Amino acid sequence: MNIVITGASKGIGFQTAKILASKSENRIFAVARNVESLNNINNNITPLAWDITQMPYKPLVEEIKKWSGGKVDVLINNAGIILNKKFEEISPQEFDLQFSAHVKSPFFLIQALLPLFSEGSHIVNISSMGGFQGSVKFSGLSAYSSSKGALAVLTEALAEELSPKNISVNAICPGAVQTTMLEKAFPGLKAPLSDEEMGGFLADFALNGHRFFNGKILPVSSSTP
Ligand SMILES: NC(=O)c1ccc[n+]([C@@H]2O[C@H](COP(=O)([O-])OP(=O)(O)OC[C@H]3O[C@@H](n4cnc5c(N)ncnc54)[C@H](OP(=O)(O)O)[C@@H]3O)[C@@H](O)[C@H]2O)c1
């Protein structure tokens with residue numbers, strides 16, 4: 001499988017990339033701004049330093065084309081950055097960064113990779129319990145959670161629009177996972193899951209989940225948040 005994953009330098013994305021790369025049949029194209037952590041895993045991983053909020057994506061897509069020979073089977077839109085700030089203090093720039101990282105970037109990366117997706121390919125968008133409709137919400141996360149909610153609706157819309165091309169699109173909404181992001185948003189909180197555990201779930205879901213789900217927004221959480 002040719003697998004592209006964004007936000008692969010640490011946390012959930014790093015563990016997912018590492019687990020996928022442990023199987024010889026997988027080749028991983030791993031994107032993040034800092035890729036040092038990805039350099040010495042194994043030859044199944046090709047790291048590329050790229051800020052996913054930077055467009056146009058042409059140079060990134062050219063690299064993916066060269067690497068994949070023109071065929072991508074799985075895309076995991078995982079890159080994310082949390083903003084925990086009082087609603088009345090959030091600036092337009094901070095708001096834009098949340099929507100750029102969590103909505104605009106997945107939107108245009110999917111669009112740019114469309115010619116490369118194989119028949120039966122799977123796009124997995126990493127949303128959040130904060131972006132899951134009807135979930136408990138947290139003060140300070142208005143821009144983050146609303147951007148993750150938009151990503152969830154984008155998932156539903158694209159699952160419909162891309163189904164004639166036999167491309168499945170699903171969203172995973174993790175609850176608390178022990179990563180630097182969680183420590184920043186909720187200092188001192190002990191999450192019930194490690195990044196390695198969530199990475200294991202996500203690696204399996206990315207490879208097999210589209211046999212069971214399409215256009216689904218799936219909460220993956222045993223806690224609040
Ligand atoms: N941890 C949780 O409890 C939790 C809960 C719900 C949802 N999530 C979601 O799960 C995903 C992974 O989160 P995490 O907890 O693993 O966070 P993390 O440890 O902070 O990792 C975030 C990843 O995203 C990358 N990234 C951030 N901005 C980027 C940009 N502009 N361009 C390219 N890469 C970028 C970071 O790499 P660089 O800094 O090297 O670029 C890093 O690899 C996120 O989408 C997050 O919203 C996490």
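The values are calculated or read from the model by the stated rules, or taken from the named source; none is laboratory data. Remember, predicted model here, so these are calculated numbers, not experimental data. We place every Cβ from the backbone using ideal geometry, glycine too, and count neighbours over all the protein chains shown. Remember, those area values only see protein heavy atoms, side chains included, never the ligands or the DNA or RNA. Shrake-Rupley method; radii C 1.70, N 1.55, O 1.52, S 1.80 Å.
Describe numerically, in nm with one decimal, the distance between label points set 7 Å from Cα along Cα→Cβ at N43 and at E183.
In this crude label model, N43 to E183 measures out at 3.5 nm.
Please compute the net charge surrounding V153, taking Lys and Arg as +1 and Asp and Glu as -1 over other residues with Cβ under 13 Å from its Cβ.
The answer is -1.
Could you pull out the GluC sites (Glu not before Pro) across the stretch 9-78 that fall in loop regions by DSSP (anything but H, G, I, E, B) with no more than 10 other Cβ atoms inside 10 Å?
E25
In whole Å, how far is the Cα centre of the stretch 41-71 from that of the stretch 141-167?
22
Place +1 on the Cβ of every Lys and Arg and -1 on the Cβ of every Asp and Glu in the chain, take the dipole about the Cα centre, and give the residue among N42, N2, M129 whose Cα lies farthest towards its positive end.
The residue sitting most towards the positive pole is N42.
Whole-Hz ³J(HN,Hα) for each residue in the stretch 127-135, computed from phi via Karplus 6.51 cos²θ - 1.76 cosθ + 1.60 with θ = phi - 60°, x for glycine and proline: what do you get?
Karplus values, whole Hz, x for Gly and Pro: 8, 6, 4, x, x, 8, 4, x, 6.
With every protein chain present, what is the per residue accessible area of the chain (1.4 Å probe, Å²)?
Accessible surface, normalised per residue, equals 47 Å².
Residues with amide H under 5 Å of I123's amide H, sequence separation 5 or more or different chain, H placed in the peptide plane at 1.01 Å from N; which?
Under 5 Å from the amide H of I123 lie the amide H atoms of L75, S168, V169, N170, each far enough along the sequence or on another chain.
What are the DSSP H helices in the chain that stretch 24 Å or more along their long axis, judged by alpha-carbon atoms, and whose average Kyte-Doolittle hydropathy comes to at least 0.0?
Correct list, ordered by number: 142-162.
Which whole-Hz couplings ³J(HN,Hα) result when phi for each residue of the stretch 175-182 is put into the Karplus expression 6.51 cos²θ - 1.76 cosθ + 1.60, θ = phi - 60°, listed in order with x for Gly and Pro?
x, 5, 10, 6, 9, 5, 4, 5
Would you please give the residues with an amide H less than 5 Å from that of L48, counting only those at least 5 places away or on a separate chain, with H modeled from the backbone geometry?
Counting only residues 5 or more places away or on other chains, the set is A30, V31, A32.
Sum -39500 (n - 2.57) across every DSSP H segment of at least 4 residues in the chain, then divide by the residue count to get the 222 nm mean residue ellipticity, nearest 500.
After summing the helix terms and dividing by residue count, I get -11000 deg cm²/dmol.
Share of the chain's accessible area from carbon and sulfur, percent, 1.4 Å?
The computed percentage sits at 55.
Tabulate in residue order the Karplus-calculated ³J(HN,Hα) for the stretch 32-48, using 6.51 cos²θ - 1.76 cosθ + 1.60 with θ = phi - 60°, rounded to whole Hz; enter x for Gly and Pro.
Whole-Hz 3J(HN,Hα) from phi for the stretch 32-48: 6, 6, 10, 10, 3, 4, 9, 5, 10, 7, 6, 6, 6, 9, 10, x, 9.
Please tell me the relative contact order of the stretch 2-219 in percent, rounded to the nearest whole number, where contacts are Cα pairs under 8 Å and at least six residues apart.
22
Where the only charges are on Cβ atoms (+1 Lys, Arg; -1 Asp, Glu), what is the dipole of the chain about its Cα centre, to the nearest 20 debye?
120
Name the residues whose placed amide hydrogens come within less than 5 Å of the amide hydrogen of A79, ignoring near sequence neighbours (fewer than 5 apart) on the same chain.
Amide H neighbours of A79, under 5 Å, 5+ apart: T6, G7.
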